Number of protein chains: 2
Amino acid sequence: MSDIGVSETNFEVKSNDAKSVDGKANESRANETREKILNAAERLFMEFGYDATSMRHITSEAEVNLAAVNYHFGSKEALIQEVFRRRLDWLNDERLRVLDEMEAEVNGGPLKPSQIVDAMFGTLLRMANDESVGGSTFVRLLGRTLTDPSKFINTFLAREHAYVMDRFKNALFKALPDVPKSEIIWRFHFMLGATSYAITGADALTGVTDWQLSPSDKDERPDLLLPRLMSFLLGGLRAPLPQLPIFPQSGNASQGAHDSIY
Amino acid sequence: MSDIGVSETNFEVKSNDAKSVDGKANESRANETREKILNAAERLFMEFGYDATSMRHITSEAEVNLAAVNYHFGSKEALIQEVFRRRLDWLNDERLRVLDEMEAEVNGGPLKPSQIVDAMFGTLLRMANDESVGGSTFVRLLGRTLTDPSKFINTFLAREHAYVMDRFKNALFKALPDVPKSEIIWRFHFMLGATSYAITGADALTGVTDWQLSPSDKDERPDLLLPRLMSFLLGGLRAPLPQLPIFPQSGNASQGAHDSIY
DNA sequence: TGACAATTCATACGTTCGTTTTAAACATAT
DNA sequence: ATATGTTTAAAACGAACGTATGAATTGTCA
């Protein structure tokens, strides 16, 4: 609306690190408020989604002032990024730690597919049992967000996952040298979907399948979910390769010779 | 806010079937507007999600007046329900038609798991290739919406799917008599997740796995997706049963003797 | 052709949203 | 004590939202 694009505001300067300019005054009180906001936002985003959760709802749940979010995080958009960042850093570090440990044991040789799948998805499900790093609340939020249509959330999650995904894909390439890489990537996607749906679907899609499970199966037992999911994922990953239709304009990679795993 | 719960508005009377009160005046023009709105809403909901898509965005895309949505559908909530209903009716009818046909052929005997999986998920993917019933737009929208946090969407989808899910679950029970029902239901969930993620993830989560597929694999070829997905789903469905930890308060079904499928 | 209902149109209503502002209290370190 | 950073309170901002209204327009049938 105004004259030129270069505005005169000194925005965004104070919000990100307002407390570290001089010393560490009031650090504990500030971090306490920050965490109350993050925890409330995490829980509400999980239950209602990003758009449907208002700032007033968050600050009311966290029992802090409405202006506190913009003071500590700068914007609602920056808040949700921080909600994910503090948990994803732990999760992906843990995934890489487990993978590194496994790879060190085999001295450059290939890992077993079951090891890789467990490091990737088992770590995620075990995180859901560890309340000190967010517990099931964050894991369910993450599973839901993987299919979120919002642009800025997608690009943020993609950036956060990039390195981890690359490492695990390459581990699978080495573990299954006879399987075409494109097939592995597809099955990696399928595994991601089955897992994220298993986590969130347990409450969201209860109605779709009506469950009709025995009560003992229904309650929150992620320790029962993990072995079930692992069997399914490994069965899918090691399934016989599909018979793909002949490719008309195949001028690219030698797509013809897809050797069966079995 | 006002006196008593019984309001004085004569709401909701005209919107649903305004054109059938007297005769069939302007029927073609009205249906044309209705379909323009439904198509625009379907596309925008797919791309941006329900909350992030405004009425003004929809009516602008459909090139109709802003008030047309409330005139023809009554509310935004009723609009999205109609968006799903017109496609889901076709999809689930088709699923049941295929299943009925298969069951008629085996005369009360069990179906092969691959037949059931194909009737359920193959029908969905084949729908994505049929532009006359929504094509890939609706299928991707549906995949995304299965994990939507919104309450009224969940209950609506659950109601729309209830009968179909029940039929397919029972078909799987009969096809795999030695597998505990709870295990089948879990794996049905896993298959749902892998499928819906495979459909929507192809564009949403491109960044997460970086793909790095050959360009020939990347373009829109759901006919290539189907055999890949079917192999994965069947591999997961028929995987060896997991070794579940001993159940402390096991007073329910004989959970111990889980015979392997193989 | 004129009456009439169905549809379209421009416009406005009331609400809620994220964000900003101002002022005053509060805590902590130098 | 002073300076610095944090929190609260209350209020308001402009923008965008879903929805409602009444007049204009359109198509159909008496």
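The values are calculated or read from the model by the stated rules, or taken from the named source; none is laboratory data. Here the structure is a predicted model, which is why all the values come from computation and not from measurement. Here the Cβ is made from the backbone with ideal geometry for all residues, glycine too, and neighbour counts use every protein chain on show. Calculation scope for accessible area: heavy atoms of the full protein, side chains included, ligands and nucleic acids excluded. Shrake-Rupley method; radii C 1.70, N 1.55, O 1.52, S 1.80 Å.
Leaving ligands, DNA and RNA out of it, rank B:123, B:33 by accessible area with a 1.4 Å probe, largest first.
B:33, B:123
Largest first and to the nearest Å, give the Cα extent of region A:84-237 along each principal axis.
So the extents along the principal axes, rounded to whole Å, are 45, 35, 30.
Let me see the pair-distance distribution of region B:120-197: every alpha carbon pair, 10 Å bin width, integer percents in order.
Pairs per bin, as whole percents: 16, 44, 33, 7, 0.
Which residues does a label at residue A:130 reach in region A:97-123, if reach means a backbone N under 20 Å from a point 7 Å past the Cα toward the Cβ?
Taking a point 7 Å out along Cα→Cβ of residue A:130, the residues of region A:97-123 whose backbone N falls under 20 Å are A:97-105, A:115-123.
Please list B:160, B:42 from largest to smallest accessible area, probe radius 1.4 Å, with all protein chains kept in place.
On the way: B:160 45, B:42 10 Å².
Highest to lowest solvent-accessible surface, that is B:160, B:42.
For the pairs A:151/B:76; A:181/B:181; A:112/B:112; A:181/B:151; A:76/B:36; B:112/B:181, flag any whose C-alpha to C-alpha distance is greater than 28 Å. Could you put the intermediate results ahead of the total?
On the way: A:151/B:76 23 Å; A:181/B:181 35 Å; A:112/B:112 31 Å; A:181/B:151 40 Å; A:76/B:36 34 Å; B:112/B:181 16 Å.
As for pairs spanning more than 28 Å Cα to Cα, those are A:181/B:181; A:112/B:112; A:181/B:151; A:76/B:36.
Once region A:35-110 is represented by equal point scatterers at the alpha-carbon sites, with solvent omitted, what log10 I(q)/I(0) does the Debye formula produce at q = 0.11, 0.15 Å⁻¹?
-0.40, -0.56
Give the Rg (one decimal place) followed by the Dmax (whole number) of region B:26-74, computed from C-alpha coordinates and expressed in Å.
Both quantities, over Cα of region B:26-74: 10.4, 33 Å.
Hey, with R₀ at 25 Å, roughly what FRET efficiency would residue B:54 and residue A:152 work out to, going by the Cβ-Cβ distance, to 0.05?
According to the calculation, E is roughly 0.90.
Would you mind giving the mean number of other chain beta-carbons within 10 Å of the Cβ of each residue in B:150-161, as a whole number? Don't jump to the answer; show the numbers that get you there.
Values: counts 5, 4, 0, 1, 6, 1, 1, 4, 7, 2, 1, 5.
Whole-number average of other-chain Cβ neighbours for B:150-161 is 3.
Under a crude label model (7 Å from the Cα following the beta-carbon direction), how far is residue A:163 from residue B:97 in nanometres?
About 5.3 nm, to one decimal.
What whole number of Å gives the distance from the Cα centroid of region B:85-104 to the Cα centroid of region A:69-123?
Using only Cα atoms, the two centres lie 41 Å from each other.
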